[in-house]
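FYI, it's all coordinate maths here, none of it is from the lab. Here the structure is a predicted model, which is why all the values come from computation and not from measurement. In this analysis, Cβ positions are derived from the backbone assuming ideal geometry, glycine residues included, and neighbour counts consider all displayed protein chains.
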Amino acid sequence: HIQVEADDPVEALDEAVAAFNGDPAIHAYIIQHPVADGFDFNSALSAMDPAKDADGLHPTNLGKLVLQEEGPVPCTPAGIQALFVHYDIDVSGKHVVVIGRGPTLGRPLSLLLTTKAPGANAAVTVVHSAVPDLADLTREADIVVAALGVPSFVQPDMVKPGAVVVSGGISWEGRKLLADVDESVGEVASWITPRLGGVGPTTVAMLLRNTVEAAERADAKAD
């Protein structure tokens, strides 16, 4: 890996991206974000070779998600979809409310869950901080996905009894990991992801899947 320090010139990040793009021995990589002040993450992301984008966040790959074409899918949304499939949670035709519209989770997840794929094919509503009476919408949902990064934002009175609840966003208080969904929501929900060992491990699994698939595509192209 290449460590770009906070006091390095801004060109250092672009140079690292160029080095990985040009190295045939590297099939996939990520830019760890958030980056330090002064560095342009979006510019560096756009400069990546989209075929080596293990995070699935390159504009080309997000475009493929919109068009439902084959390509790397953002890892946390893909991990949430994988949880639905693994635990046999019926998503097709269900009303899913995604709280959050960020480019790494809320927005791509809303696209992914409307595709005609296992663990998807849902009717999706995206809500955010500017939506009045947000809780009225979440109470109508069969599935609620929190993608905010605001600790304990989702409370029991925001969830319909028997709903499925996924805590996708996280935040930190010192060294303590905090979830978007308060643990007391488990008393109302029929199924809920745990604060630890929930979406995080599946996100890592999807990162590895994207990496393996990138290597397979590179090998097939070389043949």
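Taking a sphere under 14 Å around the Cβ of THR114 and counting the other residues whose Cβ falls inside, with K and R at +1 and D and E at -1, yields a net charge of +3.
The spacing between the range 158-211 and the range 61-116, judged by their C-alpha centroids, is 15 Å.
Does the range 103-160 come out rounded, prolate or oblate by the C-alpha gyration tensor, with a ≥ b ≥ c the root eigenvalues, rounded set by a/c under 1.5 and, if not, prolate when a/b is larger than b/c and oblate if not? Prolate, since a/c reaches 1.5 and a/b exceeds b/c.
Going by neighbour counts of Cβ atoms within 10 Å, the residues LEU109, LEU178, LEU207 line up, fewest first, as LEU178, LEU207, LEU109.
Using alpha carbons only, the radius of gyration of the range 31-151 set against its Kirkwood radius gives Rg/Rh = 0.99. The trypsin sites (Lys or Arg not before Pro) of the range 169-219 that meet both conditions, a loop assignment by DSSP and at most 12 other Cβ atoms within 10 Å of the site Cβ, are ARG175. For the chain, the 222 nm mean residue ellipticity estimated from helices alone, with every DSSP H stretch of n ≥ 4 adding -39500 (n - 2.57) and the total spread over all residues, rounds to -10500 deg cm²/dmol.
For the range 1-71, the pair-distance distribution built from all alpha carbon pairs, in bins 5 Å wide starting at 0, is 3, 17, 27, 23, 16, 9, 4, 1, 0 percent. The angle separating the long axis of helix 75-86 from the principal Cα axis of greatest extent in the chain is about 50 degrees.
Hey, in the GNM for the chain with a 10 angstrom Cα cutoff, which one of ALA82, ALA25, ALA147 fluctuates hardest? Answer for the Gaussian network model of the chain: ALA25.
Expressed to the nearest 5 percent, the antiparallel share of DSSP beta bridges inside the chain is 20 percent. Let me make sure I get this right: for the range 97-196, a, b and c are the square roots of the gyration tensor eigenvalues over alpha carbons, sorted descending. Under 1.5 in a/c it's rounded, otherwise prolate if a/b > b/c, else oblate. Which is it? Here the range 97-196 falls in the rounded category.
One way to sum up the overall shape of the chain is the equivalent ellipsoid from its Cα gyration tensor, whose semi-axes run 32, 21, 15 Å, largest first.
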